[in-house]
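Q: I'd like to ask some things about the structure below.
The values are calculated or read from the model by the stated rules, or taken from the named source; none is laboratory data. Please read these numbers as outputs of a predicted model, since none were measured by experiment. Every residue, glycine as well, gets a Cβ built from its backbone with ideal geometry; the counts of neighbours run over all protein chains shown. Ligands, DNA and RNA are stripped out before the accessible areas are found, and what is left, the full protein with its side chains, is counted by its heavy atoms. Shrake-Rupley method; radii C 1.70, N 1.55, O 1.52, S 1.80 Å.
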Amino acid sequence: MSDKPEMQSSPNTELYDAKKVSRRTFISSLTFVAGATLAYWGWDALYDAAKEPTGATAGARKPLRRVLNANGELFENNVSAEQLSRTYPKAMAVKRPRVNGDVGITDKELAGWKLKVAKSVSETFEFTLDEIKKLPKTEFAFEFKCVEGWSQVSHWGGVKFSDFVRHYGLHEQAKMQYVGLRTPDEKYYVGIDMPSAMHPQTLLCYEVSGQPLSPDHGAPLRLIIPTKYGIKNLKRIGTLFFSNERPPDYWAERGYDYFSGL
Amino acid sequence: MKYIINKHPLAIRWFHWLNFPLLAVMIWSGLLIYWAYDPYAIKMFGATVIKFFPEWFYQKYHIKRRLAEGMAFHFVFMWLFAVNGFLYVLYTIISGEWRHLLPQKHSWRDAWLVLLHDLHVRKTVPPHNKYNAAQRIAYTAVVVMGLGSLLTGLAIYKPVQFNWLTFICGGYRTARLIHFVLTIGYCLFFIIHIVQVALAGWQNFISMIRGFEVKDRAAVESVTAKGGSDER
């Protein structure tokens, strides 16, 4: 190389070779066009991919749902009792938390309400609100997060689901993988993985902003689960059950992530 | 006499062209998500200058009522976007390409000269090697922005599991705002990038595909002579 001093300072420089130039240009251009075509086809195939078969989840493109479920599992394994949704002083909570949905709570009849807990297929227990209120009360303000993207610091009070399980000896049931909840009219329903259900901030909630729940916030008893989006915070619990299969979930059937954890 | 000047390594060309459709899908699916709660706007003297986004925009690009779909795409393609970006950074470190890309001490001053030159205020071309000072700053900034998008994205995706990260990002709402602003940043980067590439000409553009430029000797020497201390 010593006879070509001008090249010493530029190791990336080669002598011009028409054949080399046209060969390299051809190969790389072909690769580029092939890659772009492949990407276009791939995107088309994904965009037009068949919807998943209707099960606990529905409405999403099959390949996307596969990844969403994998994401869910990845983060579900990471749920721990030590990781809390940040809590705030009660004074920072909004006075009137936003009401965003009324599916499952349009029925005005509340008299005679009882919480039904299906201990097994044949055994169902019923609890009145007064019975539930006798258990230790937990209250805190946290930033409630809607799947739409808005959030609000709001204050909620009730009984920890884990306290409820312990007090009523539902240990065997709590070994199952999921808790299912549905409204009395069965129009809204959610499934919660057990680690999230047993999280210390998950409440069977009967108070908002220090007052008994209003009907549009889910009176008399609702789920508050700060580790998940609002869509999982079912209003007006009618029946609660345990399962090793994923229980039906209203929004998961409409294309959303089943886990929907934060 | 003409020379072949090898400019972009094969790996960098792949990372570059993969990133383009991946980022496009992230921005599009991000818009589907953003629509569901779209409070951002630029206001001056109490009047809204720009609303993100006006009704016609949502209509034209069919953004409305597709939140679940947007989330599905966003949370699948985030992995590809992250992996591609991670491998790119790893490659620049291992190959030593970072030497061409990171800003240097004098880059900040020189970038100003590049700007003046590009705006035809100043005639002389500021000294540069593979990339000029403004490019070094821009190409490094966009990688830092990418990292910012991943971190603020994680902060709003899992704000309980990564509550420390959400806290560092200034809270859930602030993290969402930063995530959005960074996206606007990519769009601005894209516009300037396209204009610059168009102005730089065919040789420069095709080198991002085939890797090299063909130049005559005079041009090679003028580049190496101006390369200064960062030659290599």
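Q: Tally up the residues in the range A:216-234 that are among the charged types (D, E, K, R) and not in a helix (DSSP H, G or I), please. Steps first, answer last, please.
A: Going through the range A:216-234, the residues among the charged types (D, E, K, R) turn out to be A:216, A:222, A:228, A:232.
Of the ones still in play, those that are also not in a helix (DSSP H, G or I) are A:222, A:228.
Matching residues across the range A:216-234 total 2.
Q: Further question: What do you reckon, is A:Lys187 assigned to a loop (DSSP other than H, G, I, E, B) and surrounded by fewer than 18 Cβ atoms within 10 Å (Cβ to Cβ)?
A: Answer is yes for this residue.
Q: OK, next. Can you tell me which of B:Leu87, B:Leu113, B:Leu80 is in a helix (DSSP H, G or I) and over 30 Å from B:Ile156 (Cβ atoms)?
A: B:Leu113
So that you can scan it fast, the table gives a plain yes or no per residue for (1) hydrophobic (A, V, I, L, M, F, W, C); (2) closer than 18 Å to B:Met208 by Cβ; (3) at the interface with another protein chain (Cβ under 10 Å from one of its Cβ atoms); (4) not in a helix (DSSP H, G or I):
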position	(1), (2), (3), (4)
A:Arg24	no, yes, yes, no
A:Ile27	yes, yes, yes, no
A:Ala34	yes, yes, no, no
A:Ala45	yes, no, no, no
A:Pro53	no, no, no, yes
A:Gly59	no, no, yes, yes
A:Asn71	no, no, yes, no
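Q: Need the failing condition index for B:Arg65 against (1) in a helix (DSSP H, G or I); (2) within 13 Å of chain A (Cβ to nearest Cβ), just the number.
A: So the condition that B:Arg65 fails would be (1).
Q: I need every pair where a residue in the range B:129-144 that is closer than 11 Å to B:Trp108 by Cα has its Cβ under 7 Å from the Cβ of a residue that is part of a helix (DSSP H, G or I) and among the hydroxyl-bearing types (Ser, Thr, Tyr), sequence separation at least 6 or different chains.
A: Between residues of the range B:129-144 that are closer than 11 Å to B:Trp108 by Cα and residues that are part of a helix (DSSP H, G or I) and among the hydroxyl-bearing types (Ser, Thr, Tyr), the close pairs are B:Ala133/B:Ser107; B:Arg136/B:Ser107; B:Ile137/B:Ser107.
Q: Which of the residues belonging to the range B:19-43 are free of Cβ contacts under 8 Å to residues at least 60 places away in the same chain, within 12 Å of chain A (Cβ to nearest Cβ) and more than 13 Å from B:Tyr61 (Cα to Cα)?
A: B:Phe20, B:Pro21, B:Ala24, B:Val25, B:Ile33, B:Ala36, B:Tyr37, B:Asp38, B:Pro39, listed by residue number.
Q: Taking the range A:52-78, which residues are surrounded by 13 or more Cβ atoms within 10 Å (Cβ to Cβ) and touching a strand residue (DSSP E or B) at 6+ places or on another chain (Cβ under 8 Å)?
A: Matches in the range A:52-78: A:Glu52, A:Ala56, A:Ala58, A:Gly59, A:Ala60, A:Arg61, A:Gly72, A:Phe75, A:Glu76.
Q: Looking at the range B:47-93 only, could you name the residues that are open to solvent by less than 40 Å² (accessible area, probe 1.4 Å), of a type outside the set (A, V, I, L, M, F, W, C) and within 26 Å of B:Leu147 (Cβ to Cβ)?
A: B:Gly70, B:His74, B:Asn84, B:Gly85, B:Thr92
Q: Does B:Gly96 satisfy the criteria of being more than 10 Å from chain A (Cβ to nearest Cβ), open to solvent by less than 30 Å² (accessible area, probe 1.4 Å) and on the phi > 0 side of the Ramachandran plot?
A: Yes.
Q: Just need a number here: residues in the range A:176-234 that are touching a strand residue (DSSP E or B) at 6+ places or on another chain (Cβ under 8 Å), over 18 Å from A:Val79 (Cβ atoms) and polar (S, T, N, Q).
A: Residues flagged as touching a strand residue (DSSP E or B) at 6+ places or on another chain (Cβ under 8 Å), over 18 Å from A:Val79 (Cβ atoms) and polar (S, T, N, Q) within the range A:176-234 amount to 3.
Q: Additional query: Being surrounded by 21 or more Cβ atoms within 10 Å (Cβ to Cβ), at pLDDT 95 or above and closer than 29 Å to B:Phe212 by Cβ narrows it down to one of B:Gly146, B:Gly153, so name that one.
A: Criteria check complete, one pass: B:Gly146.
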